[in-house]
1. Note down the nm distance, to one decimal, between modelled labels 7 Å out along Cα→Cβ at residue 274 and at residue 176.
2. Hey, got a sec? Which chymotrypsin sites (Phe, Trp or Tyr not before Pro) in the range 99-196 land in a DSSP loop and have at most 16 other Cβ atoms within 10 Å?
3. Enumerate the amide H contacts of residue 367 below 5 Å, restricted to partners 5 or more residues apart or on another chain; note that Pro and chain-start residues carry no placed amide H.
4. Return the FRET efficiency for the residue pair residue 239, residue 198: r is the Cβ-Cβ distance, R0 is 22 Å, and the value is rounded to the nearest 0.05.
5. I need the peptides 345-355, 158-168 ranked by packing, meaning the mean over residues of other C-beta atoms within 10 angstrom, with the highest value on top.
6. Taking amide H positions as placed in the peptide plane 1.01 Å from N, state which residues far from residue 435 in sequence (5 or more) or on other chains have amide H under 5 Å from it.
7. Under the 0.36 nm per residue contour assumption, what length would be gained going from the current alpha-carbon distance of residue 391 and residue 429 to full extension?
8. Relative to the present Cα-Cα distance, how much length would full extension add between residue 46 and residue 189 at 0.36 nm per residue of separation?
Amino acid sequence: MTLREENLELPPPRDGSAGPRRAPDPAHDRAAHGEHPMRRPAWTATLAWKAAVFITVMCCALAALLGVLVHVSVTRQTVADARARALDRLTDVTAAYKAGQPLPPGGGLDPPDLPAPLRELALSGERGTLVVGHGGRSTMWAAGPADGRALTAQIDYTLSAHTIGHLDRSILWSSALAITATLMVGAFAVTRVTRRLHQTAQVARRISAGDLDARVNDPRTDSRHRDEVATVSGALDHMAATLQDKLLSEQRFTADVAHELRTPLTGLHAAAELLPPGRPSELVRDRVREMRSLTEDLLEISRLDAGGERVELDVHRLGPLAERVARASATEVRIVRDTYVETDKRRLERVLGNLIANAHRHGAPPVTLTVDGPEVTVRDHGPGYPGYLVDHGPQRFRTEGGAKGHGLGLTIALGQAAVIRARLAFGNAPDGGAVARLTLPEYAHIEDLDGPE
């Protein structure tokens, strides 16, 4: 039975209402009020970014430490030299004062601009020095006692202060240049490592997708001085080679067994047809047919595993093709939107036939086949697919709940769908039942076709 559905749009309510209201979305409300969740960008999780941050932090810490040490050392040395010169001049001033001679340049007796702390130190009978800055100039004062008064000497400290300032700026610029150079060299080195890691990850993804010939082939793997990345690459290549050998051995074993069983089963089938009519003969014929079907399935799977299948593409209308496949079974066909697809007709019929047969065998009626553009859905109303099949796809010779069969029908459907570049997905309907959804490549140039087949 075939039903054709049209896409209809509901008219707006007559009462002037806006129709169904959308349920409040907390995330949308937060966004409307300007509240955006703080999410770190994906690139901040990369190894290159973490290495760059680590190198930058360490270089800044090292530059700061070295800068402080150099600044303290040079400043201490400069101040010590200036203090020694100021005290030497104070000694000369004191000698001239005691001899009653005029004080040399820079000397003074109780000058009004003498800093108060230094004046108090001199009046207490001790000698001391102090650097004072004023008007863009720096002066090193030295003071000592002289008959209850403060005898002073001063020297220009501006050049020394400028020298220390220039040194600090030089340390800052050289540190910035050193950090930049180190960061660039470190980024280059880390990028080389991450590029090799990305290559290894890409090869691993190709292997997981079924390309067992993919290899990293890192030249450092066979070197005496190989690093950790080369070790991982070599381990991945070895694992892929071992896995490929095992899978090829299993494929050869499956194909050999199927080929070896085919000839005796053909003879057994011919012998069974010669048996006299009766219940025992019918049981034997059924078992022989089942064995022959299993052998043909194994041969088909071995050909799919070998990857040497040739596809005969042509343009077909999907609706009539699906109706023809479902005609042999009590399957309801619904054509929502028919279209043309470019595919291998024989292989597509094999995929749809296996899906329909599995739905009738393991599901419950009604079984429906729906065509909606390039998408074909086969649904039953039974218990649905088991969890392992929905999560990981069909597995050979695995069934659950005592179900009959060998688990090869869906495996063949999945393999043939891949051959014709279609996508086959398995799931369960919310209200119960298994749902198999086949998406085919749609043929775009419908106007170039004369009509249906």
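1. 10.0
2. none
3. The answer is 332.
4. Efficiency at R0 = 22 Å is approximately 0.75.
5. Working: 345-355: 20.6, 158-168: 14.2.
The peptides rank, most packed first, as 345-355, 158-168.
6. 385, 427, 428, 429
7. 12.2 nm
8. Numbers: separation 143, 0.36 × 143 = 51.48 nm, distance 1.45 nm.
Result for the pair: 50.0 nm of gain on full extension.
Laboratory data are not the source of any read-out in this text; all were calculated from the coordinates shown. None of the values given here were measured: they were computed from a predicted structure. Cβ atoms come from the backbone with ideal geometry, glycine included; neighbour counts cover every protein chain shown.
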